[in-house]
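Peer 1: Below are the structure tokens for one structure; questions will follow.
The values are calculated or read from the model by the stated rules, or taken from the named source; none is laboratory data. Computed from a predicted structure; not experimentally measured. Counting neighbours? That spans all protein chains shown, and the Cβs are built from the backbone with ideal geometry, glycine included. What goes into the accessible areas is simple: the full protein's heavy atoms, side chains included, and nothing from ligands, DNA or RNA. Shrake-Rupley method; radii C 1.70, N 1.55, O 1.52, S 1.80 Å.
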Amino acid sequence: MSAVVQESPAAGVASLRTLFRDGKAALVQRFLQARASAPEAARLTRALARHADKALLELWQRSGMPPGAALVAVGGYGRGELFPHSDIDVLVLLPGGGEVDHANDALRAAVGGFITACWDVGLEIGSSVRTVDECVNEAKADVTVQTAMIEARFLGGSRRLYRNFRQATEAVVDPLHFLRAKTLEMRQRHVKYEDTPYALEPNCKESPGGLRDLQVVIWVARAAGLGRNWAELQAKGLLTPYELRRLLRHEGTIKLIRARLHAIADRREDRLVFDLQTAVAESFGLKPAKGQRVSEALMHRYYWAAKAVQQLNKILMLNIEERVTGSENQPMRPINERFFDRGGLLEVARDDLYLTDRSAILETFLIYQQTPGIKALSARTLRALYVARDTMDGEFRRDPRVRAQFMQILKEPAGQTHAFRLMNETSVLGRTLWVFRRIVGRMQHDLFHVYTVDQHILMVLRNVRRFFIPEHAHEYPFCSQLASQWDEPYILYVAALFHDVAKGRGGDHSTLGASEVRRFCRDHRIERDDAALIEFLVRHHLTMSHIAQKEDLSDPDVILRFAKQVENPRRLAALYLLTVADIRGTSPKVWNAWKGKLLEDLYRLTLRVLGGASPNMDAEIEARKLEARNLLALRSALPGTEKPLWDTLEVSYFARHDATEIAWHARSLWRHVKTTVPVVSARPSPVGEGLQVLVYSPDRADLFARICGYFDGAGLSIQDAKIHTSRAGYALDTFQVLHPAYDADDAAGYRDLISLIETGMVKALQAEGPLPEPSRGRVSRRVRSFPITPRVSLRPDERMQHWILSVSTSDRSGLLYGIARVLARHHVNLQLAKISTLGERVEDTFLVDGAALQHNREQLEIESELLDAIAPQAVAAPATPAVSLR
């Protein structure tokens with residue numbers, strides 16, 4: 001590229017642009033065609049940096065810059081490596097003291113011409129123009145500037161000026177101040193990226209365990225004069241040879257992934273987004289395995305590397321801090337003959353402790369739990385654990401002392417959350433509990449889990465633990481009340497650890513997990529009754545949520561069947577606590593107060609049966625009516641206010657509504673029982689989230705579909721629907737709805753929304769003409785990347801009186817409306833709707849009846865049209881509503 005032919009400036013730039021573009025493309029193409037390996041990635045990044053160096057120097061020579069100026073690579077480019085779409089940061093260093101003489105037209109023209117030419121050629125540079133004095137002043141004021149200059153590399157121009165620049169800027173750096181600033185910056189970055197290396201779309205540069213965590217170590221080491229690269233850090237005793245090998249291996253893995261990600265995306269993209277994970281995985285030559293997508297294999301490889309980087313970052317940062325602050329020589333308080341307290345850090349008495357006494361490994365975490373003032377492990381302890389990982393073998397796991405220590409950690413009065421998280425971070429948990437190791441870093445593409453399996457399990461463990469902590473009683477008062485009466489919390493902790501431990505194997509993970517936990521209980525000598533309860537919890541950890549969200553809790557047979565499954569109140573309480581903790585641990589978006597109410601209702605109804613009370617619906621209904629009358633009296637309603645409405649309603653209405661709803665309906669409708677126009681009333685939901693909406697109207701064929709259409713257009717999602725038709729031919733429907741823009745504390749916003757619904761829906765329900773087509777809502781990137789197969793199931797209920805329609809698909813706007821249109825078209829009457837949205841997956845259940853369901857041919861038509869309606873790109877057929885949806 002350095003050969004220059006006599007040509008016009010414009011032609012020269014065009015020629016350079018072609019050379020630079022083609023040269024870069026050839027390097028990237030060669031990399032993609034080569035076997036995916038860390039050395040190939042290193043060769044690519046070095047070659048791209050050299051390629052950019054040549055282009056910059058050619059333009060520098062053509063620009064007419066003053067002879068005393070220098071061109072300096074800074075930031076990541078200063079390290080001498082470039083990823084295909086990384087920034088190219090350069091500093092144009094000008095001679096002279098003080099500020100740049102911006103009045104110098106010739107200088108300004110030369111600098112401007114150089115920068116413009118860089119962009120014209122295709123070098124997307126980040127540039128700054130400074131004198132040495134200006135660099136010093138900026139470095140004093142900004143640690144970020146110091147960081148960029150620490151990695152400065154000479155490209156061209158005056159070497160003397162560059163040496164002066166290095167000496168002056170290095171003198172500015174205060175090692176202790178720099179260390180503290182970069183440590184705080186790293187913590188903030190970790191919080192920004194969810195404080196875990198296991199995000200489902202991690203940033204391989206910025207996330208915890210990403211390349212930035214390694215760069216921070218080099219920056220603070222260079223600032224402290226402890227070394228400029230990994231080999232120098234090893235020479236100074238900051239890295240052992242074993243750690244150096246592991247570090248280089250994992251750094252190479254992440255660099256390789258980042259280089260392939262840039263090349264395949266053909267843009268600067270450091271996030272392993274769902275859209276690109278499969279393509280990157282295939283570029284590695286990875287193949288899908290049984291029960292595992294090809295993208296999961298890639299992410300598993302990334303997570304293991306990121307976890308190791310996070311461990312090594314912690315060891316090295318603590319080591320450097322000890323060197324810089326001198327804390328390595330501070331006095332230590334002995335805890336026992338094997339451990340010391342070094343200023344709140346747990347320190348091993350000698351480096352080979354774990355190699356000579358493996359029982360000290362789990363003792364580390366017991367002491368961490370038991371000893372007040374111990375906040376973390378020291379660098380020496382973390383290093384000793386890292387070195388001892390391979391000694392945690394089958395013999396270690398079978399050691400009765402190790403098993404006893406594991407049980408002691410579970411049975412300690414406090415500290416399980418932090419102890420097990422630390423055990424996982426240091427790889428001790430997976431090597432002690434081998435079955436757990438198989439799910440470390442395992443992704444879950446079910447559209448509602450936002451954590452890897454191991455992170456989800458530890459989140460569930462945390463949730464269970466919080467039920468037993470009085471300071472958290474305000475979060476889940478009923479759970480805390482049950483937990484306060486529970487005598488052996490460890491049972492729930494073991495169930496939490498094992499409930500999803502068999503994910504990803506194929507088959508029913510609940511059944512497989514029950515087998516694993518049975519073996520664990522036998523090996524760890526857990527008493528028979530406790531072991532049976534733990535196995536029951538793991539085997540049935542999904543049962544309670546399934547019944548609460550998909551079945552009719554007003555049906556006595558549903559409650560009786562569930563009561564027979566749980567057998568006694570102790571099992572019921574344990575399953576309830578585990579279920580709440582599990583749902584709360586899937587995603588912050590999955591849990592809501594309505595799901596909480598359904599679970600609590602199921603718990604209370606079942607407890608009553610287990611206590612010996614046979615389901616007596618007649619007595620229950622009379623009790624609800626009495627309570628509703630009392631509530632009406634408190635609102636100054638006249639005696640008999642309820643009678644006009646109640647006289648038109650079937651028993652099923654009173655079975656499906658509680659007393660507060662019954663009273664609200666009577667108060668809202670007592671003057672409108674024979675209305676000819678729709679009546680709509682809304683109120684803040686008694687369960688604390690969203691709104692309850694009452695719709696009362698002369699029944700019509702397309703009523704439910706029009707209601708769903710209105711909610712869809714208003715941006716409201718239906719959580720639950722109770723559908724009734726009075727003996728007088730009126731529809732009385734109650735909906736629980738949520739709006740993403742409003743929360744439970746936004747009283748003013750909800751007042752406006754209530755007014756909007758009460759007027760807008762009446763107009764929508766009075767509209768004539770065919771139903772409009774449902775909106776084909778856009779699906780998220782996650783759904784596009786990991787689509788789930790839409791499923792429809794239509795089967796008779798156990799009493800052969802109704803049909804149960806189950807729909808499973810990815811969530812999008814217009815979905816429920818599309819389903820309602822199909823049901824209307826086939827004269828299918830809707831009795832009950834259980835709407836369950838799990839993150840971005842929908843699992844809805846409807847209780848339906850109708851003559852069309854008695855004929856196999858029409859059943860197949862209904863199922864086929866429903867599949868079309870719920871498919872993300874399906875085009876719905878025109879609506880031809882004919883009869884009531886009741």
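Peer 1: Just give me the residues in the stretch 808-821 being over 15 Å from SER717 (Cβ atoms) and surrounded by 24 or more Cβ atoms within 10 Å (Cβ to Cβ), in sequence order.
Peer 2: ARG821
Peer 1: Then there is this: Please work out which residue is surrounded by the fewest Cβ atoms within 10 Å (Cβ to Cβ), limiting yourself to the stretch 262-297 and to residues that are of a type in the set (Lys, Arg) and over 19 Å from LYS205 (Cα atoms).
Peer 2: Only one residue fits best here, namely LYS290.
Peer 1: Please enumerate the residues belonging to the stretch 166-193 that are more than 17 Å from GLY225 (Cβ to Cβ) and either part of a loop (DSSP other than H, G, I, E, B) or in contact with a strand residue (DSSP E or B) (Cβ under 6 Å, 6 or more places away or on another chain) (or both).
Peer 2: Correct list: TYR193 only.
Rundown of residues vs (1) open to solvent by less than 20 Å² (accessible area, probe 1.4 Å); (2) at positive phi; (3) not β-branched (Val, Ile, Thr), yes/no style:
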{"site": "THR169", "(1), (2), (3)": "yes, no, no"}
{"site": "PRO175", "(1), (2), (3)": "no, no, yes"}
{"site": "PHE178", "(1), (2), (3)": "yes, no, yes"}
{"site": "LYS182", "(1), (2), (3)": "yes, no, yes"}
{"site": "ARG212", "(1), (2), (3)": "no, no, yes"}
{"site": "GLN234", "(1), (2), (3)": "no, no, yes"}
{"site": "LEU244", "(1), (2), (3)": "no, no, yes"}
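Peer 1: Among the candidates ARG245, ARG160, ARG228, ARG271, which residue alone is farther than 25 Å from LEU382 by Cα, without any contact (Cβ under 8 Å) to a residue 24 or more places away in the chain and either in contact with a helix residue (DSSP H, G or I) (Cβ under 8 Å, 6 or more places away or on another chain) or not hydrophobic (A, V, I, L, M, F, W, C) (or both)? Write out each step before concluding.
Peer 2: Values: ARG245 fails: farther than 25 Å from LEU382 by Cα; ARG228 fails: farther than 25 Å from LEU382 by Cα; ARG271 fails: without any contact (Cβ under 8 Å) to a residue 24 or more places away in the chain.
After applying the criteria, what remains is ARG160.
Peer 1: Applying the selection to the stretch 835-864, what residues are more than 11 Å from LEU794 (Cα to Cα), in a helix (DSSP H, G or I) and open to solvent by less than 50 Å² (accessible area, probe 1.4 Å)?
Peer 2: ALA852
Peer 1: Step by step: first the residues of the stretch 351-365, then only those that are open to solvent by less than 10 Å² (accessible area, probe 1.4 Å) and in contact with a helix residue (DSSP H, G or I) (Cβ under 6 Å, 6 or more places away or on another chain), then the one that is nearest to GLU425 (Cα to Cα). Which residue is that?
Peer 2: Among those that are open to solvent by less than 10 Å² (accessible area, probe 1.4 Å) and in contact with a helix residue (DSSP H, G or I) (Cβ under 6 Å, 6 or more places away or on another chain), it is PHE365.
Peer 1: Go through (1) of a type outside the set (S, T, N, Q); (2) open to solvent by 20 Å² or more (accessible area, probe 1.4 Å); (3) in contact (Cβ under 8 Å) with a residue 24 or more places away in the chain for PRO413 and report which single condition fails.
Peer 2: (3)
Peer 1: Which members of the stretch 275-311 meet the condition of being in a helix (DSSP H, G or I), among the hydrophobic types (A, V, I, L, M, F, W, C) and more than 23 Å from SER86 (Cβ to Cβ)?
Peer 2: The answer is VAL294, ALA297, TRP304, ALA308.
Peer 1: Which pairs turn up if I take residues in the stretch 424-440 that are touching a residue at least 24 places away in the same chain (Cβ under 8 Å) and surrounded by fewer than 22 Cβ atoms within 10 Å (Cβ to Cβ) and look for partners that are in a loop (DSSP other than H, G, I, E, B) and among the aromatic types (Phe, Trp, Tyr) with beta carbon separation below 9 Å, at least 6 apart in sequence or on another chain?
Peer 2: Sorted first by the residue in the stretch 424-440, then by its partner, the pairs are VAL440/TYR198.
Peer 1: Do the conditions hold for SER636, that is, is it within 28 Å of PRO684 (Cβ to Cβ), small (Gly, Ala, Ser), out of contact with any Cys (no Cβ under 7 Å at 6 or more places or on another chain) and surrounded by fewer than 12 Cβ atoms within 10 Å (Cβ to Cβ)?
Peer 2: yes
Peer 1: Sort through THR586, THR606 and tell me the only one that's among the hydroxyl-bearing types (Ser, Thr, Tyr), touching a residue at least 40 places away in the same chain (Cβ under 8 Å) and crowded, with 22+ Cβ neighbours inside 10 Å.
Peer 2: Details: THR586 fails: crowded, with 22+ Cβ neighbours inside 10 Å.
One residue alone meets the criteria, THR606.
Peer 1: Further, regarding this structure: Among the residues of the stretch 558-576, is there at least one that is in contact with a Phe, Trp or Tyr (Cβ under 7 Å, 6 or more places away or on another chain) and within 18 Å of ASP844 (Cα to Cα)?
Peer 2: no
Peer 1: Related question: Condition first: within 26 Å of ARG212 (Cβ to Cβ), open to solvent by 10 Å² or more (accessible area, probe 1.4 Å) and aromatic (Phe, Trp, Tyr). Can you find one or more residues in the stretch 336-350 that meet it?
Peer 2: Looking for residues that are within 26 Å of ARG212 (Cβ to Cβ), open to solvent by 10 Å² or more (accessible area, probe 1.4 Å) and aromatic (Phe, Trp, Tyr), one finds none in the stretch 336-350, hence no.
Peer 1: A further question on this structure: Test GLN29 against the stated conditions and say whether it is closer than 26 Å to LEU256 by Cα, open to solvent by 30 Å² or more (accessible area, probe 1.4 Å) and among the polar types (S, T, N, Q).
Peer 2: Numbers: closer than 26 Å to LEU256 by Cα: yes; open to solvent by 30 Å² or more (accessible area, probe 1.4 Å): yes; among the polar types (S, T, N, Q): yes.
When the stated conditions are applied, GLN29 passes them.
Peer 1: Which of (1) surrounded by 14 or more Cβ atoms within 10 Å (Cβ to Cβ); (2) without any contact (Cβ under 8 Å) to a residue 40 or more places away in the chain is the odd one out, the single condition GLY373 does not satisfy?
Peer 2: (1)
Peer 1: Which condition number does VAL90 fail, the rest of (1) closer than 21 Å to VAL13 by Cα; (2) modelled with pLDDT under 95 being met?
Peer 2: Among (1) closer than 21 Å to VAL13 by Cα; (2) modelled with pLDDT under 95, the lone unmet condition for VAL90 is (2).
Peer 1: Between ALA70, ALA55, ALA109, ALA117, which is within 27 Å of VAL145 (Cβ to Cβ) and open to solvent by 40 Å² or more (accessible area, probe 1.4 Å)?
Peer 2: ALA109
Peer 1: So, of the residues in the stretch 29-67 that are within 33 Å of the chain's Cα centre (by Cα) and outside any helix (DSSP H, G or I), which turns out to be farthest from GLU282 (Cα to Cα)?
Peer 2: My answer is SER37.
Peer 1: Among the residues of the stretch 216-271, how many are under 23 Å from ASP352 (Cα atoms), outside any helix (DSSP H, G or I) and either modelled with pLDDT of 95 or more or not hydrophobic (A, V, I, L, M, F, W, C) (or both)?
Peer 2: 3
Peer 1: Still on this structure, please answer the following. Could you figure out which of (1) of a type outside the set (Gly, Ala, Ser); (2) out of contact with any His (no Cβ under 6 Å at 6 or more places or on another chain); (3) farther than 20 Å from TYR77 by Cβ isn't true of GLU170?
Peer 2: The single condition GLU170 does not satisfy is (3).
Peer 1: Looking at the stretch 489-501, can you tell me whether even one residue there is modelled with pLDDT of 95 or more and either basic (Lys, Arg) or surrounded by fewer than 18 Cβ atoms within 10 Å (Cβ to Cβ) (or both)?
Peer 2: yes
Peer 1: Let me ask another. Looking only at the stretch 590-618, which residues are part of a helix (DSSP H, G or I) and modelled with pLDDT under 85?
Peer 2: Across the stretch 590-618, the qualifying residues are ALA593, TRP594, LYS595, MET617, ASP618.
Peer 1: When you look at ASP213, is it part of a helix (DSSP H, G or I), charged (D, E, K, R) and at pLDDT 95 or above, yes or no?
Peer 2: The answer is yes for ASP213.
Peer 1: Could you tell me which residue of the stretch 391-407 is surrounded by the most Cβ atoms within 10 Å (Cβ to Cβ), considering only residues that are part of a helix (DSSP H, G or I) and under 31 Å from the mean Cα position of the chain (by Cα)? Give the derivation first.
Peer 2: Applying the first criterion (part of a helix (DSSP H, G or I)) to the stretch 391-407 yields 391, 394-398, 400-407.
With under 31 Å from the mean Cα position of the chain (by Cα) added as a condition, the list becomes 406-407.
Details: PHE406: 21, MET407: 15.
In this case the residue turns out to be PHE406.
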